Structures are given as C-alpha cells and as structure tokens.
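Contents: one structure, followed by commentary.
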Amino acid sequence: MFGLARTLSRSAAPRPDSVTVNGRALPLTIRENARATRMTLRIEPGGQALKLTIPRGIPSREIDAFLTRHHGWLMTRLARVNDAGPLLDIGKVSIRGVEHRIELTGKLRGLAEERDIDGVPTLMVSGLPEHAGRRVADHLKRTARQELERLVQKHAATLGKPYRSISYKDTKSRWGSCTSEGNLSFSWRIAMAPDFVIDYLAAHEVAHLKEMNHGPQFWATCRMLCPRTDEGKRWLKQNGSRLFAITF
C-alpha cells in the first residue's frame, strides 16, 4: 500500500506532507534547494520520517510521480528498519557484528556477560526483566568505549595527531564528530556493527584531526588508516538506520 497525504504550501500548490508505505504513515519534509539539480529522497535515521530535497519550482505532479516511482525502493529500505524495534521483542542483539541471543539470568546484580552456550553466542543479562534493555545498552556502551579508545589511540599515533577527549552519545543523525579542538564524539550504537565498521568510524573521526573536511586528502587519510574504509562506509549507509531504530 502506498499513499500520499497533502498539505498546501505558501503558493497554494498542494504537496504531500506524508507518505504511507504498507499501512505506515511517515512524515515527509520537502525542502527546496537552489543548487539542487534533481530530486533526492532520504530516509531519516531510525526510519521514522522522510526528507525530499527538490530544485526550486518543481510542480507537485512531478513530486508525486517521483515518490510513486520510488515506492519499491522505500519498501525495500524500510523493511530493513522494520526488523528493528523494542530490543526484548527482537530477543537478540548484535555485538561487534555477531548476533547474540539475550538470556536473562534471574540474578538481580551483575554486569551483562558474553558467553558461548552450546555454540550459540549469548548475552547473559541480570536484573529485573523491565531493566534488561538498559543493561544491554550499558554493555554496548562499555564495548564501544573499549574498542574505540583502543582504535583512536592507534590511529592518532599513526598520524602523529593528538586528540583532546572522547565522548559517547546516543545520537540519531550521525555516527561521530570531531571538533577543531580535537574533541571526538561517537554513537555507542556502533558497538553493534562489525569490527571493520567500528575501525572505519574511528579512522574517519581521527582523520578529521588532520583534514577538517571530506575532500580527497581526507578520504586518502581514511583509507591509509583503515583499508576497509569504502566497505565500512557502505555498510553504515545500508544498515545504520536499522541500528538507530532499535529501542532499549
């Protein structure tokens, strides 16, 4: 099922303000860009909304036709996000790219612990069931801190560039950042991604210590630090929204 809900713009031309895909209505933001030469559709992180960038003066009928043509693309991309949701409903969590079954220990205290039970990677979680999501998130935060601090130190030493601090947040629109003062920030959700993706993210932000842009020299630095840069970048583009959509 695919549908468009309409609203009136300032010019009184009707434009859709939401798109319905498989019975799910997603808010649609349409922004005109004088430099745009074509329409581009983006699924916002977490798959909760859509953003359409258009050249100025595009009539509504062309917007409708564009959205209709991209119906199949939306179905495919949103299906990946729809695999996510409440963590305990999913019953599993990916840690460094390895799917772990979540099992409650029944104990009230203790940190979550990764184990191999009969050949099945398992995350043993203590505490009350209603707190399990928070305890899994805490484990992912510890994992992200352990992995990223090691990788940042390694890559910064390779470049000979010092950094000032590392912080971890639950951002919904970006995986990392680097300020001109050398403060690095990461989304702890990256702990769910494979090791080579975590390495790429660390290399990406450390490369900004040398190149505060995304030009050719920046990407050359990234690939020098992390040979699987292109693969890591592609993985996040294809799978990142699903990780953002998981609720703890």
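Coordinate-derived values only; no laboratory data. Not measured: the values here are computed from a predicted model. A quick note on method: Cβ atoms are made from the backbone with ideal geometry, for glycine too, and the neighbour counts reach across all protein chains shown.
Could you run the Karplus curve 6.51 cos²θ - 1.76 cosθ + 1.60 with θ = phi - 60° over segment 158-164 and give me ³J(HN,Hα) per residue in whole Hz, x for Gly and Pro?
These are the phi-based 3J(HN,Hα) values: 4, 7, x, 10, x, 10, 8 Hz.
Simple spin-label model, 7 Å along Cα-to-Cβ: Arg150 to Lys107 in nm?
Here the answer is 2.4 nm between the modelled labels.
Considering amide H positions built from the backbone, and no H for Pro or chain starts, which residues 5 or more places from Gly97, or on another chain, come under 5 Å of its amide H?
Ala193
Over all distinct alpha-carbon pairs, what is the Kirkwood Rh of segment 87-245 in angstrom? If you can, show how the numbers build up before the last one.
On the way: mean 1/r = 0.0607 Å⁻¹.
Here the Kirkwood hydrodynamic radius works out to 16.5 Å.
Provide the percentage of antiparallel DSSP beta bridges, counting only those with both residues in the chain; round to the nearest 5.
Restricted to the chain, the bridges split so that about 65 percent are antiparallel.
Work out from phi, with θ = phi - 60° and the Karplus expression 6.51 cos²θ - 1.76 cosθ + 1.60, the ³J(HN,Hα) of each residue of segment 176-187, listed in order in whole Hz, and give x for Gly and Pro.
After applying 6.51 cos²θ - 1.76 cosθ + 1.60, I find x, 7, 9, 8, 5, 7, x, 8, 9, 9, 9, 7 Hz.
Using a Gaussian network for the chain with springs between C-alpha atoms less than 10 Å apart, which of these wobbles most: Trp73, Trp235, Trp175?
Result for the chain, Cα springs under 10 Å: Trp73 fluctuates most.
Using the alpha-carbon centroid of each, what span in Å lies between segment 196-246 and segment 107-173?
Rounded to whole Å, the Cα centres lie 19 Å apart.
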